[in-house]
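Here is the structure we will look at.
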Protein chains: 2
Amino acid sequence: MTSTVPSSVDPKALQSVLDGRWAHVRRDARENLDDPDFLPVYGETMQEARERVTRAARKLAESGRVGLGFPKAYGGQDDAGGSTTSIEMLAFGDLSLMVKAGVQWGLFGGALQLLGTKRQHDKYLRDVMSFDLPGCFAMTETGHGSDVQQLRTTCTYDPATETFDLHTPHQAARKDYIGNAAKDGRMAVVFAQLITQGKNHGVHAWLVPIRDEQGNAMPGVTIGDDGPKAGLPGVDNGRLTFDHVSVPRDMLLDRYGQVAADGTYTSSIENETRRFFTMLGTLVRGRVSVGGSASSATKLALDIATRYGDARRQFAAPGEEREIVINDYLVHQRKLLPALATTYALHFAQDELVATMHDVQTAAHVDGKVLDEDAQRELESRAAGLKVAQTAHATRTIQMCREACGGAGYLQENRLPHLKADTDVFTTFEGDNTVLLQLVAKGLLTGYRDTFGSLEGWGKVGFIADMVRETVLERTAARALIARLIDAVPGRDDEVPMLDRGWQLKMFEFREKHALEGAIRRLRKNSTTEGMAPFDMFNDVQDHVLKTAQTHIDRVVLEAFVAGVDRTEDAGAQALMDKVCDLYALSTIEADKAWFLEHGQLTPSRAKTLTSTVNQLLRELRPHIITLVDAFAIPAEWKAAKILEEEPGRQEAMAARDAEVRAEAEGSQASGESATDLEVAPAQ
Amino acid sequence: MTSTVPSSVDPKALQSVLDGRWAHVRRDARENLDDPDFLPVYGETMQEARERVTRAARKLAESGRVGLGFPKAYGGQDDAGGSTTSIEMLAFGDLSLMVKAGVQWGLFGGALQLLGTKRQHDKYLRDVMSFDLPGCFAMTETGHGSDVQQLRTTCTYDPATETFDLHTPHQAARKDYIGNAAKDGRMAVVFAQLITQGKNHGVHAWLVPIRDEQGNAMPGVTIGDDGPKAGLPGVDNGRLTFDHVSVPRDMLLDRYGQVAADGTYTSSIENETRRFFTMLGTLVRGRVSVGGSASSATKLALDIATRYGDARRQFAAPGEEREIVINDYLVHQRKLLPALATTYALHFAQDELVATMHDVQTAAHVDGKVLDEDAQRELESRAAGLKVAQTAHATRTIQMCREACGGAGYLQENRLPHLKADTDVFTTFEGDNTVLLQLVAKGLLTGYRDTFGSLEGWGKVGFIADMVRETVLERTAARALIARLIDAVPGRDDEVPMLDRGWQLKMFEFREKHALEGAIRRLRKNSTTEGMAPFDMFNDVQDHVLKTAQTHIDRVVLEAFVAGVDRTEDAGAQALMDKVCDLYALSTIEADKAWFLEHGQLTPSRAKTLTSTVNQLLRELRPHIITLVDAFAIPAEWKAAKILEEEPGRQEAMAARDAEVRAEAEGSQASGESATDLEVAPAQ
């Protein structure tokens, strides 16, 4: 499969593969999203940031760019994929604006659209789209971040008044971290336990006015301010407490559950848990957007650090004419290039996810068909997994980029501090990453359970390896291609060249299957252990279970990348991406080398070959490092990083310095040990 | 060695071991450093932060607490160790103040003290101590962060006027990131190339006034502002450019190099490179302080996250009376406990470093003896290595703590965002960590070179393993104890219990020795490879060389911890620390499991035992987790984290919730799959 990479590859050819199905949305953003109000402003106060971002949100609404995901009947375009792609592009700008937009049109508008019904759409949707009705998505409670099913806020129906009574029973049940709440929100979608006729029907959502036209809190509503955060200063997060607030019956978002005037509860979905997950599942778009946005911020950070590393000189190379820049150092390449390769891999996985989401949601909502429950489950698991992968990668990579730029990376004028601080919450909002990994694992185990029994009764679970294989593996878009590559792996595993794509795929697949089988075996054993409490049965294996989820995500990502390389038409671009894909695969295996050694998939000598193969790939990719960031096609005016601006006279100064360095290198080798004298400066 | 940990250990007993030799300095800080101005203020503007911190610095000066490290003759206490311990304590407060103090009294004052001579001390030292003369340490240049020897600023002597001409030749040579420069500094210690009689004598330092009494820049001095940063808003970092500034001859800090009126250069140290490193070496205190401060911030973050995790409930445990808090989850323990163990280990290593520094500097400076060059080199290498270890650990751990607190961890009111943002620069200032690792590696290789030849001539280097062993290993305080433990390891390595301290030490030692030998072998091979440029010879092995440094640091840290456990007198405290030491050793081996497998030190089955042994240690340490943070003895009023404050009525609300949960667990198991239904909320 591997062919030689030409010495120069056209970044435009790479870009067109990356741009993919919603290239038109990306192009439109690059050409038209050029308002300085959409960029972060360094050194703003929280107040200033909030005001600017509110202003920017209005402008964004006016541009019409926020309606992509809404129904055509209300001026939207029924384009779910376009809508998340559009958010992804917005994330190259001020992330406060991206989050504010995500709250208004993704979460608040999305809940109204997907949990509400026509009369509610008619009444509110246009005002939501125009930002004339700024709103909140009030789900999380101070005491219940991750366990939505156990929310403590109640909403109790009274047939006498035909209203609900919305109430916060104690402080731990207050709604917290709610975007748009502290300053702008006039309405909120509030999640609470629906109680009618003395029975709790589980969590539902209501439209609840929280401020009047003058901006005063409505009666019974107490609004708090979460104050300054690590980042996202332009998002007005706040707290909402409800003291027996009266909510009219028709404000219940009643697509999946209705309460009649007399208090009779009806729903098309009988099982309360299934209903709950169906309602929550419609909101998957938020998670998809967070993952995509994390990747945009990662690309920008890599763009900045990579270009800086290509200009920055660290130490004089003794006795050489060559200009050594920090990108020439092996250890610097080890920081940047595997991160770039992973970013490419995640891009293709995200692309596949967005397309799947678009197709599932279009099938369900536009054509009015019943939701395909299996497809929806699959989608949610994939969205959760990729949200984890992309946000964890963002946190790691942006941190690395900031450090790779040294002192310059610590100055706000160079953008990286904002990228770091703003994205930092991504790993824990829209689902805490650890909890989401558990969700992914549960999906894998559930597939298994469906065949053999219930998750409660581990004792009943039989163990047949091939069934696991089927359940887990028949899932990505490029299955046929992958199977062909794996089948073509020649000879014994420990003799196959490591650049064989089939071998790489086989390693990822083996690890996932083996991890899953092991987790099942251990869970089963615990379930038959006398006296072990249910919590301990699970907790004892928690690290193993999360590992299983991680290996699953890695496999899905690699397969998406392989499919992306396969569909690349330009030969040069394909050859380069093929090498980047090698680096992703091998550096992922290298990062988990212990597992492969422990499970007999790598011999010690092959493990050493792995390290040198990765180093060889770094050497081969080094000349293309700028092309790889060029292909992200981030407009220069979006970057807002001073270190990327050519200072007046910088070229000349550099030339002068180089001349000096050369003169010294020739003239005085007196200082003796400069080659390895890597002494360093205290700074402050 | 291991005895049973009693069910309850007195945190005071642990604390007294941790407090160590400078316990009186710690006690004084805990009791008297209680000014609210010394704590971070959330939501301040940069301007407000700078003003408050300047005010706080003055108060600190008035308290007399800043003089510990200065000579008694000027009102100090000649207590180098006390001075770094005092900075370490200050780092529990606002880190902007710690850095500001570090700049004024550590870097600026330290350079004056250690590079200057009596007439300069007489003239300036008291004003520096009182903050009447705020100053800068102007070393780093925009274009030369790490390569101090290649600084471009020049200072050229003219015997006609008996002045130096200080000049910035181009923008890349401007002094950058300089603390105290943007607002307060009136004088700077400026590092530049000393040129006299047409010859460059290398980097020296001068006292240069940069502002007059009115705060205006002195003629020829241009002062810029680095503006807002990721953190440390109270430190006024700036840029200094010199346009042929005239500096009187007696402003040269001339302890190590003098220029006579006629321009004749003299120095007690002939070799320019040796002189340079001697001068730089005196400034080691800064690096020691940064490492210690990073550890203080880490302790505080762990204190907050650990207490939060002990109160926070995540999901209801189905069918159980038990209250499950997030610290009960295995994966949460895997985050907090190894980080706590490493923090303990680093504490003891830092303690040892501070004592060594104190003794070396006291011997050199107070007794007026000549510096013991070997001891000084050793000290610098140790300081560099521990600075890397502590700052990298801080960056990782504070990030983890922020995530472990979810949304609450993202709010400034809970302190973690400040800890993260303020410490973030620690990995790259006072020496970039990657460059410092290289310095450590060089120290190891140099020890080798001293025996066999020069670093330039790798070809000449012979290879005798035992000599390496001697050079590298005979270095930590507790050598005899360590040797005894290692010698006592019974039987074959793969049969020894993993909790055997001797086996753990042996593994650390073997890894270091093997890594170093391998690096030497590869460097030697490259040096005999035809046509390989010097840069490539080194660069090819850079990852291996840095790995060597890392393994060396790990070994030093473990040995310090072992010595610390050994000198603990309280039996309960000793038993607990012994277990924490096991966790540090085994989780460090686990993190590098691939290496041990690859090099035949772990069999696959022993690698699995390692994982389960670590998990077993987590279970055993879980009940003591609060004791472990209690022992840091951080005064409650320093923590400034809202989540640690008991809200009014919180206890009752919690009790009410627990009752609800129990009622539900008993009443309705209707929802079916709650045990593993770990679904999560979108948030914003």
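The values are calculated or read from the model by the stated rules, or taken from the named source; none is laboratory data. Quick caveat: nothing in here was measured; it's all calculated off a predicted structure. All Cβ positions, even for glycine, are placed from backbone atoms using ideal geometry, and neighbour counts span all protein chains on display.
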**Q.** Filter pass, B:D165 being in contact with a His (Cβ under 9 Å, 6 or more places away or on another chain), acidic (D, E) and not in a loop (DSSP other than H, G, I, E, B)
**A.** yes
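Here is a yes/no grid of residues against (1) touching a residue at least 60 places away in the same chain (Cβ under 8 Å); (2) in contact with a Pro (Cβ under 8 Å, 6 or more places away or on another chain); (3) of a type in the set (K, R):
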site: A:G110; (1), (2), (3): yes, no, no
site: A:V128; (1), (2), (3): no, no, no
site: A:L133; (1), (2), (3): no, no, no
site: A:P159; (1), (2), (3): yes, no, no
site: A:T163; (1), (2), (3): yes, yes, no
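Can you tell me how many residues in segment A:117-139 are within 30 Å of A:T434 (Cβ to Cβ), out of contact with any helix residue (DSSP H, G or I) (no Cβ under 7 Å at 6 or more places or on another chain) and not aliphatic (A, V, I, L, M)?
At the first step, the residues of segment A:117-139 found to be within 30 Å of A:T434 (Cβ to Cβ) are A:135-139.
Narrowing the set further to residues that are out of contact with any helix residue (DSSP H, G or I) (no Cβ under 7 Å at 6 or more places or on another chain) leaves A:138.
So of that shortlist, the ones also not aliphatic (A, V, I, L, M) come out as none.
Residues that pass the stated criteria total 0.
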Q: Output the residues belonging to segment B:152-175 that are under 21 Å from B:G198 (Cβ atoms) and either crowded, with 22+ Cβ neighbours inside 10 Å or within 8 Å of another protein chain (Cβ to nearest Cβ) (or both).
A: B:R152, B:T153, B:C155, B:Y157, B:F164, B:L166, B:T168, B:P169, B:A173
Q) Being in contact with a helix residue (DSSP H, G or I) (Cβ under 6 Å, 6 or more places away or on another chain) and free of Cβ contacts under 8 Å to residues at least 40 places away in the same chain, is that true of even one residue in segment B:332-352? A) no
(Q) Please count how many residues of segment B:228-246 are assigned to a strand (DSSP E or B) and within 13 Å of chain A (Cβ to nearest Cβ). (A) 5
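Against the condition closer than 15 Å to B:A188 by Cα and of a type outside the set (G, A, S), how does B:L232 come out, does it pass? If you could, list the steps in order and put the result at the bottom.
Numbers: closer than 15 Å to B:A188 by Cα: no; of a type outside the set (G, A, S): yes.
The answer is no for B:L232.
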Q | Matching residues in segment B:176-225 - criterion: being of a type in the set (S, T, N, Q), away from chain A (no Cβ under 13 Å) and in a strand (DSSP E or B) | A | B:T196, B:T222
Q: Kindly indicate which of A:G64, A:G69 is surrounded by fewer than 14 Cβ atoms within 10 Å (Cβ to Cβ), outside the structural domain of A:L505 (by TED's automatic domain parsing) and not in a helix (DSSP H, G or I).
A: A:G64
Q.
Can you tell me which residue is nearest to A:H347 (Cα to Cα) among those in segment A:373-388 that are within 13 Å of the chain's Cα centre (by Cα) and of a type in the set (A, V, I, L, M)?
A. A:L386
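Of everything in segment B:247-286, what is among the small types (G, A, S) and away from chain A (no Cβ under 13 Å)? Give them in sequence order.
First pass over segment B:247-286, keeping only residues among the small types (G, A, S): B:257, B:260-261, B:263, B:267-268, B:281, B:286.
Across segment B:247-286, the qualifying residues are B:G257, B:A260, B:A261, B:G263, B:S267, B:S268.
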Q: Examine segment B:318-341 for a residue that is at pLDDT 85 or above, crowded, with 19+ Cβ neighbours inside 10 Å and in a loop (DSSP other than H, G, I, E, B), and state whether such a residue exists.
A: yes
Q | Any chance A:A192 is surrounded by 23 or more Cβ atoms within 10 Å (Cβ to Cβ) and outside the structural domain of A:I223 (by TED's automatic domain parsing) | A | no
Q.
So A:A633 ticks every box in (1) in a loop (DSSP other than H, G, I, E, B); (2) free of Cβ contacts under 8 Å to residues at least 24 places away in the same chain; (3) touching a Lys or Arg at 6+ places or on another chain (Cβ under 7 Å) but one. Which box is left unticked?
A. (2)
Q: Output yes when any residue across segment A:491-500 is more than 14 Å from chain B (Cβ to nearest Cβ), at pLDDT below 85 and surrounded by 14 or more Cβ atoms within 10 Å (Cβ to Cβ), and no when none is.
A: yes
Q) How many residues does segment B:209-229 contain that are more than 24 Å from A:Y410 (Cβ to Cβ) and either buried (at least 24 other Cβ atoms within 10 Å of the Cβ) or under 28 Å from the mean Cα position of the chain (by Cα) (or both)? A) 0
Q: Return yes or no: is A:R255 more than 30 Å from A:I643 (Cα to Cα), within 31 Å of the chain's Cα centre (by Cα) and of a type outside the set (S, T, Y)?
A: yes
Q | One residue from A:V580, A:V556, A:V562 being in contact (Cβ under 8 Å) with a residue 40 or more places away in the chain, farther than 22 Å from A:P497 by Cα, buried (at least 22 other Cβ atoms within 10 Å of the Cβ) and away from every other protein chain (no Cβ under 14 Å) | A | A:V556
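Go through segment B:543-571 and give me each residue that's outside any helix (DSSP H, G or I) and not polar (S, T, N, Q).
Let us first name the residues in segment B:543-571 that are outside any helix (DSSP H, G or I), namely B:567-570.
Matches in segment B:543-571: B:R567, B:E569, B:D570.
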Q) Could you list, in sequence order, the residues of segment A:401-419 that are at the interface with chain B (Cβ under 7 Å from one of its Cβ atoms) and within 16 Å of A:V41 (Cα to Cα)? A) A:Y410, A:L411, A:Q412, A:E413, A:P417
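Answer yes or no: is there a residue in segment B:534-542 that is assigned to a helix (DSSP H, G or I) and away from every other protein chain (no Cβ under 12 Å).
Looking only at segment B:534-542, we keep the residues that are assigned to a helix (DSSP H, G or I), and these are B:534-539, B:542.
Then keep just the ones that are away from every other protein chain (no Cβ under 12 Å); that gives none.
No, the conditions are met nowhere in segment B:534-542.
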